[in-house]
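Scroll down for the structure; my scribbles are underneath it.
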Amino acid sequence: MKDVVYITIDGIRGLEVPLAARLTEHLVDLGAIAVAKEGAVAVDLSVSWSRPSPTVLLGLLHNALRELGVSEYCRVEVDGETLRVFVTDPDSVRIAIGGDRSQPSGLHVCPHCSYTTPYEELLREHVKLHYIGL
Ligand SMILES: [Zn+2]
């Protein structure tokens, strides 16, 4: 297995960061981290002490999507060593991950780019990405 497994996301932009944050919580047990990229989440296994099988990663991905409340709007496929997430209902996903614009107050804005989120926790995770440079 490669050191980095990619989870591509089709059909929406903005799911990468919350998905990477959720996945990292699960991957911590394996010593691995998930990093948000443009249109994908990169799972870095280079420092993990246990190599999860694609089946295990798929299970973690399903858990993360469920926790974000978007699993019913997404379809997941395994393509070799790449996992693909197809968003079947982008509007519902956008609302579920807080992209809903009905609450403009209390937004947290990244000081490095135009990333905006209602969740302080997500912004903290996002800002880290500017320093990891993976
Ligand atoms: Zn940023």
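Note on the chain: Cα-only Rg and Dmax are 14.4, 45 Å.
A cut-off under 11 angstrom between Cβ atoms defines the neighbours of Leu57, and their net charge, with Lys, Arg +1 and Asp, Glu -1, is 0.
Exposure proxy ranking for His126, His26, His62, based on other Cβ atoms within 10 angstrom of each Cβ and starting from the fewest, stands as His62, His26, His126. Distances between placed amide hydrogens fall under 5 Å for Ile33 paired with Asp44, all partners being 5 or more residues away or on another chain. Calculated mean residue ellipticity, 222 nm, the chain: -10500 deg cm²/dmol, from DSSP H runs (n ≥ 4) at -39500 (n - 2.57) each, averaged per residue and rounded to 500. Amide H contacts under 5 Å for Cys74: Thr88, restricted to partners 5 or more places along the chain or on a different chain, H placed in the peptide plane at 1.01 Å from N. For the peptides 42-49, 18-25, 67-74, the ranking by packing is 18-25, 67-74, 42-49, with the highest mean count of neighbouring Cβ atoms within 10 Å listed first.
Values in this text are rule-based calculations from the coordinates and carry no lab data. Since this is a predicted model, take the numbers as computed values, not measurements. Neighbour counts are summed over all protein chains in view; Cβ atoms, including those assigned to glycine, are modelled from backbone coordinates with ideal geometry.
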